């Protein structure tokens, strides 16, 4: 990727974050008077006026917008309604849990998906392939909240093998990680299969076979790197699904991560926490998209000099 | 590969195209039709009203687990008939998803036409908004909107309509731009048709199949979105019901009455899978490139 393309992507990312931030500001202003919500409708006009001055709500809208932006840049997203702590502090506490669950699930899904996809591609249109692909379809059509409930029913309530809620031990991680990972395993299996099928019949594969390379080496050394581009693309595209999925899975399993924090905040209409999570997720998504773009260039030398195509 | 192979070499037996109507597609299609029928006739088919409570009969098991035929699928924690609730839940979920997908398709298609017509700044702005929406998981956007504006039913449908517009906008923009340069469009313009006539009478019918495919692909996504939000207690709320709302409410009774959650969950799963299968099949049939 040349510099021009990189800068263009950066600008686009910044614009995305700016749109999200502005959207939150507008939405919050449209949602009604925050002071009324804070002091109740019984309060006297003087008290309301005092609060307005305290929070700067008596100033013109654009001044509020500027100071809003300034606060955000300094990492100040406001105080949580529930316990008056900074919203960022709450997120900081929840984030390690979300990362632990998300990365485990994503890793499991990627490994299982790659393995299944390769096996399916090598046995194209044979029973193994059909079986694997049925599993893949099942994996990504089962809504994660339903899969989670089925797993709880089977492993927690029926077999009594695994805990159904909490995050105290490694055992607590198993069910949510499987729930979240199954979807990705299904998606990645399908993509790996088709990406592998693209390359398996290429002439360099025939050449590798002719020179006597064993199958494992042919698949992992010759085919997989060439199939990597579409697989990386889909991995990048699925990061958003990971965020959305973990919101639901964390709620199903009582996992104390950012997703459950968000649902709690939405239910109690704790705006500071909601906007902090929204904006920080937007930034994360933009950065990870850039990272995926950058990763392409590492995997595919052709992209380094490729024309800027946005 | 420049090697030209004789025809029969090119397609070994295992690679032959599938039959025109694979059994799975037929089954999925039947299920979708049944579902739509149930959604239309919920009030006729349901043995009870979905809100009627009978506290003395609460948590009754379904008939195959020793229940009575008064409540085929048992009752929930308030003694409401699960079969009746299920039928109405199907109706509400399908209705919300249809409404949402339709709004998204209309708005997105219109914006796609605008982008293709005006190009320049209008196009840039629309495409940037599409980029923003595509770069964030929609569940998050929906949750933020619900947090700010509360959970009224109309707003919820609007939020569902907000989903997926960007896919329609991108798609429409692309096909309209390429269609405008095709012979028929140039000819119609040369004959003096206004842009409106060109778009509505000539280009739209030509790109309709692409849009219909996108509609069937978006529809199960919107169902999943609705059921997810209702499951979390933030979508369709009591006294109304939906498949996700039933599943979420049934979660509390997994130990004593698992059927409350399992029936709606199974329906959600079968619905999204069937519609996806049918949608994929239509796409493969309509897209000559994939044939």
**Prompt:** Can you pull the Kirkwood radius for the stretch A:217-265, inverse mean 1/r over Cα pairs, to one decimal in Å?
**Reply:** 12.9 Å
**Message:** Over the Cα atoms of chain A, what radius of gyration and what Dmax do you get, in Å?
**Reply:** 24.4, 88
**Asked** So what is Rg over Rh here for the stretch A:89-222, counting just Cα atoms and using Kirkwood for Rh?
**Response** 1.11
**Prompt:** Can you tell me the Rg and the Dmax, both Å, for the Cα atoms in the protein assembly as shown?
**Reply:** 26.4, 90
**Asked** At residue B:280 and residue A:237, where each label point lies 7 Å from the Cα along Cα→Cβ, what is the point-to-point distance in nanometres?
**Response** 1.4 nm
**Item:** Partner chain coverage, peptide A:137-149 - average Cβ within 10 angstrom
**Value:** 6
**Asked** Taking 0.36 nm per intervening residue step and subtracting the Cα-Cα distance, what contour gain separates residue A:201 from residue A:18 on full extension?
**Response** 61.2 nm
**Asked** Using the reciprocal of the averaged 1/r over all distinct C-alpha pairs, how large is the Kirkwood radius of the stretch A:180-279 in Å?
**Response** 16.4 Å
**Message:** For the ranges B:156-165, B:224-233, what's the packing order if you count other beta-carbon atoms within 10 Å of each residue, average per peptide, and put the highest first?
**Reply:** B:224-233, B:156-165
**Inter-part distance where the stretch B:40-98 and the stretch A:46-92 are each reduced to a Cα centre, Å** = 47 Å
**Message:** Between helix B:153-162 and chain B, what is the angle of the helix's C-alpha long axis to the longest principal axis, kept within 0 to 90° and rounded to the nearest 10?
**Reply:** 30 degrees
**Request:** Find the Cα radius of gyration of the stretch B:138-291, compare it with 2.2 N^0.38 Å by division, and give the number to two decimals.
**Result:** 1.38
**Fill in**
At R0 = 35 Å the Cβ-Cβ FRET efficiency linking residue B:204 and residue A:8, nearest 0.05, sits at 0.60
**Message:** Working only with C-alpha atoms, what are the Rg and Dmax values of chain B, expressed in angstrom?
**Reply:** 23.5, 77
**Message:** If you fit an axis through the alpha-carbon atoms of helix B:82-118 and take the longest principal axis of the Cα set of chain B, what angle between them do you get, 0 to 90°, nearest 10?
**Reply:** 20 degrees
**Estimated FRET transfer efficiency (residue B:154, residue B:41; beta-carbon r; R0 30 Å; 0.05)** = 0.75
**Request:** Compare A:173, A:262, A:57 in a GNM of chain A, Cα atoms joined below 10 Å, and give the one with the largest fluctuation.
**Result:** A:57
**Prompt:** Kirkwood hydrodynamic radius for the stretch B:100-228: how many Å is it when counted over pairs of different Cα atoms?
**Reply:** 15.6 Å
**Viscosity 1.567 mPa s, temperature 4 °C, Stokes-Einstein D of the stretch B:26-67 from Kirkwood C-alpha radius, µm²/s** = 101 µm²/s
**Message:** Rounding to the nearest 10 and keeping the result within 0 to 90°, find how far the Cα-based axis of helix A:87-122 lies from the longest principal axis of chain A.
**Reply:** 20 degrees
**Request:** Compute the FRET efficiency between residue A:124 and residue B:122 as 1/(1 + (r/R0)^6), taking r as their Cβ-Cβ distance and R0 = 45 Å, and round to the nearest 0.05.
**Result:** 0.45
**Message:** Quick check on chain A: helices-only [θ] at 222 nm, where DSSP H runs of length 4 and up contribute -39,500 (n - 2.57) each and the sum goes over total residues. Nearest 500, please.
**Reply:** -24000 deg cm²/dmol
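Bear in mind that the values in this text are calculations on the coordinates, not laboratory data. Quick caveat, the model's predicted, so the values are computed rather than measured. With ideal geometry, Cβ positions are generated from the backbone for all residues, glycine too; neighbour counts draw on all protein chains shown.
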